[in-house]
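Here's the structure we're looking at; comments come further down.
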Amino acid sequence: MQRLNLHSGLISWIAVGIILLIMLLIGNGLVVYLIGIWAIYLVLASSLNLLLGYTGLFNMATSIFFGIGAYTSAILASRFGISFWACWLAAGIMAAAVGAIVGYPALRTRGLYFAIVTFAFLWIGTQVMTNWRSITGGPNGIGAIPNPNAIGTITFDSTRAKAALIVVFALVIFYIINRIARSRVGRVFIAIRENEVLAQSGGFNVAVYKLASFVLASFFAGIAGSLYAHFITFISPDSFGLDLSLFILAMVAIGGAGTVWGPAVGAMIFTFLPEYIRGPLDPYRFIIFSLVFLLLMIFIPKGIVGSISEIWAKRRRAKVMKMTT
Amino acid sequence: MAQVPQQLINGIAMGSVYILGALGLMLIFGVLDIPHFAHGQVYTIGAFSAYLLVAQVHLNLILAIIITLLICGLVGLAMERLVYNPLRSSPLLSVAIASFALALLIQYSSGTILGQMPKMVPTFLAGKVIEIGAVAISYTRILVFGAGIVAIVLLWLFIMRTKLGKAIRAMTQNRNAAELIGVDVSQLHIVTFMIGSTMAGVSGALLGLMIPIYPSMGMMPTMKGFVIITLGGMNILGAVVGGFILGISESIGAGFISSAYKDSIAFIILLAILMIRPTGLFGKRI
């Protein structure tokens, strides 16, 4: 059984890789751009999934950690000429450090109060980005961020090459997050989500595990920020506000919180759907989009992947029942 | 220092608007346990309905506010029946995210229909002030404060003196026990939502008298409402104290520290208090 799961997992990974490769090679400019954006959303959504789906932490500040990463990377690269290959790591570490400083006091609160505290941090963060002009460039942001530096003869000066680079980054991070989620640590995270007191009495230091998941998620969100800054080459506070945090929450929820492929599906819907509701419906596309979002949440609260795997589990159970009787 | 009394007055008027919004949220979140993140969008609906009725239909302001109350009550009813009722047995997280979806839907719809330009609700009181020494108090602020106090007292009387209010208090204490002794939970959900939304609507309409209104104005009041509830710890008196603390500190902070960081003040106070007392200032439910 274990073997079978491993195989089907590997097959879906390979399938996703091949589809992305083909789309990157033959897609037009818009498709390539959207794949790059999707890959960045994938990192953000799976880092939030680690919190929301596994540890059960309702983090509303994902977009700020994303922003911290983006600003760190943009400032280091454009003002100090530091290579992208150092910047992305610095961006992750910076976001993780802020995550530790914010998470330590914030994690004293639970449930919805944690959501409100992280919202407070989100708000203060956007105000700082807008008003601390000497560092962040204020509302005008930072432009002309250099492309990622070449490795040997491989250059990253075209959107296509950058999108491919981001997809590689995103898939590696996606894989790492899912490995963490399936490891012993991941099972402790789930135990915390299901029953914090029980996890604590099981001998796990809940506070440390919660902080660890928060810092990890911030680290990955920071790297996503760096990728974004070098992909778009322009950043401003508008890109890191409440809307983005809500969209990432929605991606995780629509895809299915606590599932492996949920964030990928959710990010896919959020990247491509608004772009393709065009034509006469164009002025209403955000209304249509939020209506679809609301209806999905009412009718399938467990998300797309969550509901599908539930149906599969039911069918498998039915089959086993049939075989035993 | 001459401006302190002036800012105190402005802060008190803003505080009474905040309290109204927060009390509605407190009913819905505190009594029904629903994380209603679309509460602030009802506020937006209230503000825009008052604006349309006064500026476009040319109704009398008082009449417009009364019609706005009815509209917002119906919006509350619709939200409860169509969104929250189907999700009653779902986990808190799904409900919270559905409420965000609802908030986005209302925000985008009002932006598309009404445009992004900020608007003011026109009043016959505009520009009229009472001057006491160096302090100028506008009639609008007096009206807002007065209306706020009346609404708070009415809510208090409803919760403390009526049978339905008693049922609400019973449900807050013990949901199952309340159901066992014959409290109609479904009806109570509807009533609580309608009253809570009415409070949000009146709060939005009053806000439109003082400051410009715009489609995305709703998110901030929801979050400030949660801050006030956290400060006050789920009781009416606590919310009143919390609301005035927030209104006054924002208004004074904007004058003395920096107006750019005005909206952050609420959250800095919240973080400071939660760090010292994770259960809130009063730390007791209704």
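The values are calculated or read from the model by the stated rules, or taken from the named source; none is laboratory data. Quantities reported herein were computed from a predicted structural model and do not represent experimental measurements. A quick note on method: Cβ atoms are made from the backbone with ideal geometry, for glycine too, and the neighbour counts reach across all protein chains shown.
Counting only residues that are within 8 Å of chain A (Cβ to nearest Cβ) and not aromatic (Phe, Trp, Tyr), how many does the range B:267-278 have? Total satisfying the criteria: 6. Looking only at the range A:146-153, decide whether some residue is crowded, with 19+ Cβ neighbours inside 10 Å, over 30 Å from residue A:57 (Cβ atoms) and of a type outside the set (A, V, I, L, M, F, W, C). Yes, there is a match, as at least one residue in the range A:146-153 is crowded, with 19+ Cβ neighbours inside 10 Å, over 30 Å from residue A:57 (Cβ atoms) and of a type outside the set (A, V, I, L, M, F, W, C). Among the conditions (1) assigned to a helix (DSSP H, G or I); (2) among the aliphatic types (A, V, I, L, M); (3) within 14 Å of another protein chain (Cβ to nearest Cβ), residue A:31 misses just one, which is (3).
The residues listed here are A:118, A:130; of these, the one that is within 19 Å of residue B:230 (Cβ to Cβ), in a helix (DSSP H, G or I) and either in contact (Cβ under 8 Å) with a residue 40 or more places away in the chain or more than 10 Å from every other protein chain (Cβ to nearest Cβ) (or both) is A:118. Confirm whether residue B:60 is within 12 Å of chain A (Cβ to nearest Cβ) and surrounded by fewer than 20 Cβ atoms within 10 Å (Cβ to Cβ). The answer is no for residue B:60. Against the definition (within 30 Å of residue A:143 (Cα to Cα), in a helix (DSSP H, G or I) and under 16 Å from the mean Cα position of the chain (by Cα)), how does residue A:77 come out, yes or no? Judged against the criteria, residue A:77 is not a match. Where helices (runs of 4 or more DSSP H) fall entirely within the range A:184-260, those with at least 3 residues that are at pLDDT 95 or above and away from chain B (no Cβ under 14 Å) are at A:206-232. Scan the range A:8-47 for residues that are of a type in the set (Phe, Trp, Tyr) and either within 28 Å of residue A:216 (Cβ to Cβ) or exposed (fewer than 15 other Cβ atoms within 10 Å of the Cβ) (or both) and jot them down. Selection gives A:13, A:38, A:41. Kindly provide the set of residues from the range B:170-196 that are within 14 Å of residue B:236 (Cα to Cα) and either modelled with pLDDT of 85 or more or exposed (fewer than 11 other Cβ atoms within 10 Å of the Cβ) (or both), ordered by number. Hit for the range B:170-196 is B:196, nothing else. Tell me which residues, restricted to the range A:273-287, are assigned to a helix (DSSP H, G or I) and surrounded by fewer than 16 Cβ atoms within 10 Å (Cβ to Cβ). Matches in the range A:273-287: A:273, A:274, A:275, A:276, A:279, A:280, A:281, A:282, A:283, A:284.
For the range B:65-84, residues that are surrounded by fewer than 20 Cβ atoms within 10 Å (Cβ to Cβ) and within 10 Å of chain A (Cβ to nearest Cβ) total 1. Put simply, of B:244, B:256, B:226, B:193 the only residue that is within 14 Å of chain A (Cβ to nearest Cβ) and of a type in the set (Phe, Trp, Tyr) is B:226. For the range B:46-70, the tally of residues that are among the aliphatic types (A, V, I, L, M), touching a helix residue (DSSP H, G or I) at 6+ places or on another chain (Cβ under 6 Å) and within 20 Å of residue B:18 (Cα to Cα) stands at 4. Put simply, of B:94, B:89 the only residue that is at pLDDT below 85, facing chain A (nearest Cβ under 10 Å), out of contact with any Gly (no Cβ under 7 Å at 6 or more places or on another chain) and not in a helix (DSSP H, G or I) is B:89.
Using the structure shown, decide if residue A:179 is of a type in the set (Lys, Arg) and without any contact (Cβ under 8 Å) to a residue 40 or more places away in the chain. When the stated conditions are applied, residue A:179 passes them. Only one of the numbered conditions (1) in contact (Cβ under 8 Å) with a residue 40 or more places away in the chain; (2) at positive phi is violated by residue B:111, and that is (2). Answer yes or no as to whether residue B:103 is within 14 Å of another protein chain (Cβ to nearest Cβ), modelled with pLDDT of 85 or more and more than 25 Å from residue B:53 (Cβ to Cβ). When the stated conditions are applied, residue B:103 does not pass them. Residue A:265 fails exactly one of the following numbered conditions: (1) part of a helix (DSSP H, G or I); (2) farther than 16 Å from residue B:106 by Cα; (3) within 14 Å of another protein chain (Cβ to nearest Cβ); (4) touching a helix residue (DSSP H, G or I) at 6+ places or on another chain (Cβ under 8 Å). What is the number of that condition? Answer for residue A:265: the failing condition is (3). The residue list B:8, B:52 contains one member that is closer than 26 Å to residue B:156 by Cβ, of a type outside the set (Ser, Thr, Tyr) and either surrounded by fewer than 20 Cβ atoms within 10 Å (Cβ to Cβ) or touching a Cys at 6+ places or on another chain (Cβ under 6 Å) (or both), which is B:8.
Restricting the range A:293-308 to residues that are within 21 Å of the chain's Cα centre (by Cα) and part of a helix (DSSP H, G or I) leaves a set whose member that is farthest from residue B:81 (Cα to Cα) is A:305.
Could you check the range A:199-212 and list, in sequence order, the residues that are under 19 Å from residue B:92 (Cβ atoms) and either exposed (fewer than 12 other Cβ atoms within 10 Å of the Cβ) or in contact (Cβ under 8 Å) with a residue 40 or more places away in the chain (or both)? Selection gives A:210 alone. When the range B:130-142 is filtered for residues that are closer than 13 Å to residue B:207 by Cα and crowded, with 19+ Cβ neighbours inside 10 Å, the ones remaining, listed by number, are B:140, B:141. Taken together, B:181, B:168 contain a single residue that is in contact with a helix residue (DSSP H, G or I) (Cβ under 8 Å, 6 or more places away or on another chain) and either closer than 30 Å to residue B:59 by Cα or in contact (Cβ under 8 Å) with a residue 24 or more places away in the chain (or both), which is B:168.
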